[in-house]
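Every number here is computed from the coordinates shown, using simple stated rules; none is lab data. Quick caveat, the model's predicted, so the values are computed rather than measured. Neighbour counts are summed over all protein chains in view; Cβ atoms, including those assigned to glycine, are modelled from backbone coordinates with ideal geometry.
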Amino acid sequence: MKTSSVKELLASEKLLQEVNVKGWVRAFRSNRFIQLNDGSTINNIQCVVDFENTDEALLKRITTGAAISVYGTLVESQGKGQSVEIQVTSIDILGDADPDEVSKTILQPKKHSLELLRQQAHLRVRTNTFSAVMRVRSALSFAVHQYFQQNGFYYVNTPIITGSDAEGAGEMFRVTNFEPNKAPLNEDGEVDYSQDFFGKQTNLTVSGQLEAETYAMGLGKVYTFGPTFRAENSNTTRHLAEFWMIEPEVAFNDLDANMDLSEDFIKYVLQYVLDNCQDDLAFLNDRFVKEDKAKPQAERSEMSLIEKIKFVVDNNFKRVSYTEAIDILRNSKPNKKKKFQFPIDEWGADLQSEHERYLVEKHFKCPVILFDYPANIKAFYMRLNEDGKTVRAMDVLFPGIGEMVGGSQREERLEVLKEKMAALDIEEEELWWYLDTRKFGTAVHSGFGLGFERLVLFTTGMSNIRDVIPFPRTPQNAEF
Ligand code: 4AD
Ligand code: MG
């Protein structure tokens with residue numbers, strides 16, 4: 001007999017058919033009602049056991065966490081809240097779960113803290129919250145590819161191990177084949193990387209942008225979607241040491257076109273989730289609203305999760321230059337003390353997250369695209385404006401999240417690029433291949449990077465980035 005998924009059965013209108021379903025027991029009540037979940041949907045299917053005619057030894061093995069295979073008849077449900085249930089004819093135990101052991105884990109059906117769930121990240125996908133988050137994450141990934149594929153982009157896979165620091169921020173994890181303390185030294189007493197596996201210093205990529213740029217200069221429109229790594233010691237609810245980034249790069253696009261692309265793309269993937277993840281979103285929405293009610297009045301959201309998502313889809317992002325933003329911040333009273341922790345005194349200062357939050361959550365109350373940042377707080381590859389002091393950079397800021405996207409129009413003029421690299425002590429030999437794109441048919445081009453987990457965070461209404469990736473990598477934590 002074909003095994004059906006719980007999702008298929010709950011949507012089925014063919015009553016009285018004989019069915020088989022496999023899954024994990026979420027609960028077993030009164031020796032009679034099994035709540036079975038197989039991961040296909042947030043909903044359980046109820047399986048009703050004829051306990052009087054069932055072997056007692058078997059009944060004892062139907063415990064929370066056990067894997068079972070159920071055969072029975074699909075019938076209209078007598079209980080509330082579900083349309084159908086299974087009248088069980090037989091059950092095979094596929095894998096037992098000892099109740100004493102289960103009681104020491106998060107599989108035990110009661111409310112557990114998110115912190116405890118993180119410590120058992122290998123089991124948390126069996127909870128409603130995490131299975132819902134991970135199904136939404138999967139749908140978002142699919143929507144990302146769908147958007148780009150429908151719009152003429154090619155998917156490129158840029159290297160994970162690289163010899164260059166794309167962001168120039170020095171936040172890289174080294175990749176080496178040397179044994180600890182046994183690395184050969186050169187005459188100056190420094191580690192001699194010419195003897196290492198790749199014959200040079202290498203690291204895990206912080207961004208696929210530079211390689212993607214070279215591909216945009218041949219394929220026109222490209223995107224990457226892969227893991228990136230940052231050795232920044234940021235123990236926040238928004239940072240991971242390993243995260244997934246989506247990086248489109250488009251030949252002949254200027255900054256305005258780049259802003260349009262980011263806005264259109266984000267709206268598309270959010271609409272996809274609204275259309276395709278209704279059950280999970282309804283569950284996450286309830287969860288969000290409940291959590292929100294428990295917060296002090298001042299911190300509460302004015303909207304439910306679904307309203308927040310729809311609001312982003314339905315409204316234009318506000319586009320504001322860095323200079324305008326600084327003026328707004330200088331004249332703002334963020335709180336009772338009427339001061340930011342880091343007051344904005346001067347043009348040229350980098351914005352802290354309190355400033356970004358103020359602009360997005362208090363002032364504009366919608367996603368904001370900040371552009372034309374001071375050159376000296378942004379990466380070397382961004383195109384210098386005619387004013388000689390700002391660059392064609394853009395950050396998309398989201399309520400509750402902060403920076404969702406960072407991007408720019410790239411410096412396509414060879415001489416200007418070389419000058420900027422020289423000013424930052426970036427060796428031309430290191431990036432000779434990157435400079436080549438500016439020698440052979442250089443052209444205006446732009447792109448951005450979107451942190452996938454920040455998008456999942458916004459869409460699921462979770463509050464910690466560690467809770468939207470299966471096995472988070474953060475400082476002092478790579479357990480699984
Ligand atoms: O602003 P970032 O550093 O930009 C770049 O890496 C560019 N090379 C992208 C490009 O233009 N192709 O990072 C881009 C985005 C951020 O806006 C943020 O959403 C996310 O990546 N991000 C992180 N997400 C989770 N954990 C971290 N440690 C992150 N650092 C950046
Ligand atoms: Mg950034």
request  = Please express the Cα-Cα pair-distance distribution P(r) of segment 201-338 as a list of whole percents, one per 5 Å bin, running from 0 to the bin with the greatest distance.
outcome  = 2, 7, 10, 11, 15, 19, 17, 10, 5, 2, 0
key: Separation of the A257 and L59 label points, Cα + 7 Å toward Cβ, nm   = 7.1 nm
task = Among the trypsin sites (Lys or Arg not before Pro) in segment 21-92, which ones are in a DSSP loop with at most 12 other Cβ atoms within 10 Å of the Cβ? Mind listing them?
result = K80
query = lysines within cross-link reach of K338: Cα-Cα under 17 Å, excluding same-chain residues under 8 positions apart?
reply = K362
Segment 16-63 versus segment 124-161: alpha-carbon centroid distance in Å = 32 Å
inquiry  = Can you bin every Cα-Cα distance in segment 115-190 into 5 Å intervals starting at zero and give me the percent of pairs per bin, rounded to whole numbers?
reply    = 3, 10, 10, 9, 11, 14, 17, 10, 6, 6, 3, 0
task = Could you tell me the distance between the Cα centroids of segment 265-294 and segment 182-241, to the nearest Å?
result = 35 Å
inquiry  = Within the chain, which is the longest segment that contains none of the GluC sites (Glu not before Pro) sitting in a DSSP loop with at most 16 other Cβ atoms within 10 Å?
reply    = 14-170
query = Based on the inverse mean of 1/r over its pairs of different Cα atoms, what is the Kirkwood hydrodynamic radius of segment 397-480, in Å?
reply = 16.1 Å
ask   = Using θ = phi - 60° and the Karplus curve 6.51 cos²θ - 1.76 cosθ + 1.60, what whole-Hz ³J(HN,Hα) does each residue of segment 241-254 get, with Gly and Pro shown as x?
value = 7, 10, 9, 9, 10, 10, 10, x, 9, 10, 5, 6, 8, 9
task = Using only the alpha-carbon atoms of segment 3-105, report the extent along each of the three principal axes, biggest first, to the nearest angstrom.
result = 39, 30, 25
key: Overall Cα dimensions of the chain - principal axes, largest extent first, Å   = 85, 57, 45
task = Can you figure out the FRET efficiency of T323 with E101, using R₀ = 56 Å and their beta-carbon distance, to the nearest 0.05?
result = 0.35
request  = Note down the net charge around D280, summing +1 for each Lys or Arg and -1 for each Asp or Glu among other residues with Cβ under 12 Å from its Cβ.
outcome  = +2
ask   = Which of the trypsin sites (Lys or Arg not before Pro) across segment 405-453 are loop residues per DSSP, with 15 or fewer other Cβ within 10 Å?
value = R413, K439
task = Count charges around M462 for me, please; just the other residues with Cβ under 14 Å from its Cβ, Lys/Arg as +1, Asp/Glu as -1.
result = +3
message = Please compute, for the alpha-carbon atoms of segment 340-428, the extent along each of the three principal axes and give them in descending order in Å.
response = 42, 24, 23
key: Unsatisfied cross-links (Cα-Cα over 27 Å) in the set K2/K104; K7/K104; K80/K111; K200/K221; K7/K111   = K2/K104; K7/K104; K200/K221
task = Name the aspartates and glutamates eligible as straight-distance cross-link partners of K60: C-alpha to C-alpha under 16 Å, and not fewer than 8 places from it in the same chain.
result = D50, E52, D92, D96, D98, D100, E101
